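Quick notes on the structure that follows.
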Amino acid sequence: QKYGYFHCKDCKTRWESAYVWCISGSNKVYFKQLCRKCLKGFNPYRVEAIQCQICSKTRCSCPQKKRHIDLKRPHRQELCGRCKGKRLSCDSTYSFKYIV
């Protein structure tokens, strides 16, 4: 599981997700995510480890926040290529929301 940055080229919407699933040991993404406006599938343009790139902690208090994590926002299963129409669900898997 990794952290990804997305950008829809059609409507210019940007979003981030802690639910990016990659092949072990790589940044090759398994599942696309859908833009909430266009509903077109995209891979992230950048993928990082879940941990903070500055302090290497999952939950950090670094003054420089590059990520926009809002723990109150639910995972949008209808926009997730892994959850949508699959038997795998991000919420039923050990994931970032249980780490923080």
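Numbers at a glance
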{"quantity": "Filtered trypsin sites (Lys or Arg not before Pro), the range 2-51: DSSP coil and at most 15 other beta carbons within 10 Å", "calculated": "K9, K12, K28, R36, K37, K40"}
{"quantity": "Of K12/K84; K2/K40; K9/K37; K40/K84, pairs whose Cα-Cα distance is over 19 Å", "calculated": "K12/K84; K2/K40"}
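The numbers here are math on the coordinates, done by the rules we state, and not lab data. In this text, all values refer to a predicted model and were calculated from it rather than measured experimentally. Glycine gets a Cβ as well: all are built from the backbone with ideal geometry, and neighbour counts include every protein chain shown.
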